[in-house]
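Participant: Before I ask anything, here is the structure I am working with.
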C-alpha cells in the first residue's frame, strides 16, 4: 500500500457549454465533467433555457395578432446564442391561429430553436372550456424541443378579431418558461444541478426544457511532505432550556475547516502557496498508488507559515474554509 498524498488544484481544464443529462425526474441534471472548479476566471455557468428579460405580450392593432416586446433568453446551443448562451430577439408581431368553430383554442407564443418568435397552435377544444393538460383538446400544445414558451393566447371564437388583454396569459411557471425559475443548486463535487421543483415537461415527447452548463475541472498537483490531514466535517452540539416540566433540548450543527500541514522548501516559492486566499479543490488519497478511494474538499486556502530559528524546518499550517463538508469518493 502506498503512503497517503495530498494534491491541490494547480490548474483547470475548461469545458464549453454542453446540454446536461436529465436524471429522469426533471429535477436532477448531470454534467459530463466533475468535480467542477470554482477558481477565479473558471467559474461555472449553469444556463437553464428560458426567458431572461423583456418579452411582454400585448394586443396588436391587427386582428389575430399579438405584439411581443424585445427580449433576451437563455438558449445556449441555439444558432443565434452569444458566448454567454444568450439569445436577443427583436420586438415583433406574431399571428395566432383560431379554432375552426366557436370552441377553445390555445396558442403558445414561443422563441424557437433559431431564435425567432413563433406561435404554436394547440388542438381545438370540444367546447369553450379550456384544458390545462398539454396536448389535450382545448389545452396548450407541446412545445418543440429547443424552443421556450413565453406566454399563451386563449380564444373561444373562430371569427377574426383583435386579441384582448384578457386572452393573454403569462404567469411564470404556468405559461412562461423563465431561466431563473425554479431555483437550483449546483453540487460542485458531482456535477449535478438540482432544481427546487421539477421542470415542466411541456416539450415534445413530454420532456422538460434544456439545461446547459459550462465550466472547468481541476488539474491536481501533489503538495510534497504533507501530514495531518483533517477533512471538513460537521459537528453537532446540543443546548437546553429549563422548563417546569424538565429541560427541552435543541440540536445545532457547525461545519469545520479542513486542515493539513506541509513542510516548505523556502516558504516563498513553493508552488501551492500561489493559491493562498483562492477557492480551490484539495484531494486527499489514503493510498497514493490508487485513484480511489479519496476525499475532495473545495474551499478557500489559508496558509500560516512558520520560519523557526536554529535550522528547524520551515512549515505551513494550511486550512480550507468550505461551503460544504468534505466529500468521500469511493467509485
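No value in this document is a laboratory result; all are computed from the given coordinates. Keep in mind it's a predicted model, so treat the numbers as computed, not measured. Note: ideal-geometry Cβ built from the backbone for every residue, glycine included; neighbour counts use all protein chains shown.
Participant: Report the Cα centroid-to-centroid distance between the range 77-143 and the range 17-40 in angstrom, as an integer.
Facilitator: 28 Å
Participant: Hey, what did the range 219-329 get for relative contact order, percent, Cα under 8 Å, at least 6 apart? Display every interim value, and only then the final one.
Facilitator: Working: 226 pairs, mean separation 31.8, N = 111.
After rounding, I find 29 percent.
Participant: Between residue 239 and residue 204, with labels modelled 7 Å along Cα→Cβ, what's the label distance in nm to one decimal, could you check?
Facilitator: For residue 239 paired with residue 204, the spin-label model returns 5.8 nm.
Participant: Okay, next question. Please express the Cα-Cα pair-distance distribution P(r) of the range 221-294 as a list of whole percents, one per 10 Å bin, running from 0 to the bin with the greatest distance.
Facilitator: 14, 33, 23, 13, 11, 6, 0
Participant: Which of 167, 298, 152 moves most in a GNM of the chain, Cα contacts under 10 Å?
Facilitator: In this elastic network of the chain, the residue with the biggest mean-square fluctuation among 167, 298, 152 is 167.
Participant: So for the chain, what are the equivalent ellipsoid semi-axes in whole Å, largest first, each being the square root of 5 times an eigenvalue of the Cα gyration tensor? Before the final figure, lay out the partial values.
Facilitator: Working: eigenvalues 598, 113, 54 Å².
In descending order the semi-axes read 55, 24, 16 Å.
Participant: For the range 131-281, place one equal point scatterer on every Cα, skip the solvent, and apply the Debye formula. What is log10 of I(q)/I(0) at q = 0.11, 0.15 Å⁻¹?
Facilitator: Values, matching the q order: -0.78, -0.96.
Participant: A further question follows. Using only the Cα atoms of the range 206-331, build the gyration tensor, take square roots of its eigenvalues as a ≥ b ≥ c, and label the shape rounded, prolate or oblate: rounded if a/c is under 1.5, else prolate if a/b is larger than b/c, else oblate. Write down the numbers at each step before the final one.
Facilitator: Details: a/c = 2.36, a/b = 1.25, b/c = 1.88.
Note, shape of the range 206-331 comes out oblate.
Participant: Springs between alpha-carbon atoms under 10 Å, Gaussian network over the chain: tell me which of 245, 180, 25 tops the mean-square fluctuations.
Facilitator: In this elastic network of the chain, the residue with the biggest mean-square fluctuation among 245, 180, 25 is 245.
Participant: Please report the antiparallel percentage of DSSP beta bridges with both residues in the chain, rounded to the nearest 5. Don't skip to the end; give the middle numbers.
Facilitator: Working: 91 of 94 bridges.
Of all bridge pairs located within the chain, approximately 95 percent are antiparallel.
Participant: Which of rounded, prolate or oblate describes the range 1-130 when judged by the alpha-carbon gyration tensor and an a/c cut-off of 1.5?
Facilitator: Judged from the Cα gyration tensor, the range 1-130 comes out prolate (a/c at least 1.5, a/b above b/c).
Participant: Who wins for biggest fluctuation among 80, 67, 243 in a Gaussian network model of the chain, springs between alpha carbons below 10 Å?
Facilitator: Residue with maximal mean-square fluctuation among 80, 67, 243: 243.
Participant: Rounded to two decimal places and with Rh computed the Kirkwood way over Cα pairs, what is Rg over Rh for the range 42-191? Can you show the working numbers first?
Facilitator: Working: Rg = 16.5 Å, Rh = 16.0 Å.
We get a ratio of 1.03 for the range 42-191.
Participant: Name the residues of the range 213-248 whose amide N is less than 20 Å from a point 7 angstrom out from the Cα of residue 328 along the C-beta direction?
Facilitator: Answer for the range 213-248: 228-237.
Participant: What is the distance in Å between the Cα centroid of the range 218-232 and that of the range 273-329?
Facilitator: For the range 218-232 versus the range 273-329, the Cα centre distance is 5 Å.
Participant: Now a separate question. Using only alpha carbon pairs under 8 Å that are at least six residues apart, calculate the relative contact order of the range 51-178 and give it in whole percent. Working shown, then result.
Facilitator: Values: 352 pairs, mean separation 31.2, N = 128.
Over the range 51-178, the number comes to 24 percent.
Participant: P(r) for the range 137-225: what percent of alpha-carbon pairs falls in each 5 Å bin, starting at zero?
Facilitator: Spelled out bin by bin, the range 137-225 gives 3, 10, 17, 16, 14, 12, 8, 6, 5, 4, 3, 2, 1, 1, 1, 0, 0 percent.
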